[in-house]
Every structure is written in C-alpha cells, then in structure tokens.
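Everything on this sheet refers to the single structure shown next.
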Amino acid sequence: MKASAIGFNAEYAEYAPTYEDICQLTDDIILEFGAPWCGHCQAARSGIEAELDGRSITHIKVSDGKGKKLGRKFGVKLWPTLILLRNGIEVRRIVRPLLKQEINDFLTR
C-alpha cells in the first residue's frame, strides 16, 4: 500500500486506501488523519514520531479534508486523529495528542 510505512510515516499521503482496503488489513495498523498545514498536526508530529520510531507497526498517514471519503467513513472531525485498527476493526482512537505519554498510552493500552 503506497500510503504506509513500518514505524513513523513522515508525510500525509494524498492517496488514500479505500475503506474496504482498510477493513481487509490483518495486522495492527495506525491510521492517522490530518493535513500538512494543520498546526495541531505539526505540534503532535514529534511525539507521534518518537513513539512510533522503532515499533513494528504500520502507520498509514492520510491527508484529510473536504471531500475525502475515508475520513468521513471513520467519523474524523478534528486533526490529527490516530486510529488503532486490529484486523481492520477500530480498537481505539486518540484525537489531537500533544504529549508523548498520551501517545504511548494509546499504543500500549
């Protein structure tokens, strides 16, 4: 999948997998919605990067906004929104995390 990387994925991809593609994934996945110009996304970036660095989890970082179907399907309203998926099913989400500890708790709970 073009929009994914193991560990931290630095860029929001304009290409978004379909909802059906996401539902068929079989491992733990972090699906992140945001925008490169978003101040909240920029503020959260270093904490997200620090917590995902070295973890073997796929991070799909998708550019979200008006007319973007995947974000609407997941009910995303604020950025960044990180969603942990297990076998294509949402397990939990965190919205606008700022502290590394918040992100660590989200990943290890």
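In whole percent, what relative contact order does the chain give with Cα contacts below 8 Å and a gap of six or more residues? Walk me through the numbers on the way to the answer.
Details: 200 pairs, mean separation 38.6, N = 109.
Averaging sequence separation for qualifying contacts and normalising by length gives 35 percent for the chain.
Amide H contacts of residue 57: 7, each under 5 Å away and 5 or more positions distant or on a separate chain (H built 1.01 Å from N in the peptide plane; Pro and chain starts excluded).
With Cα atoms as the point set, the radius of gyration and Dmax of the chain evaluate to 12.4, 34 Å.
With the simple spin-label model, which puts each label point 7 Å out from Cα in the Cβ direction, the residue 10 to residue 24 separation comes to 3.1 nm. Distance between the pseudo-spin-label points of residue 68 and residue 56 (7 Å out from Cα toward the beta carbon): 3.0 nm.
Quick check on the exposure proxy: order 91, 76 from fewest to most C-beta atoms within 10 angstrom.
Numbers: 91 12, 76 22.
Ranking 91, 76 by Cβ neighbours within 10 Å, fewest first, gives 91, 76.
Throughout, read-outs are computed from the coordinates displayed, never taken from laboratory work. If you're wondering where the values come from, they're calculated on a predicted model, not measured in any experiment. Neighbour counts are summed over all protein chains in view; Cβ atoms, including those assigned to glycine, are modelled from backbone coordinates with ideal geometry.
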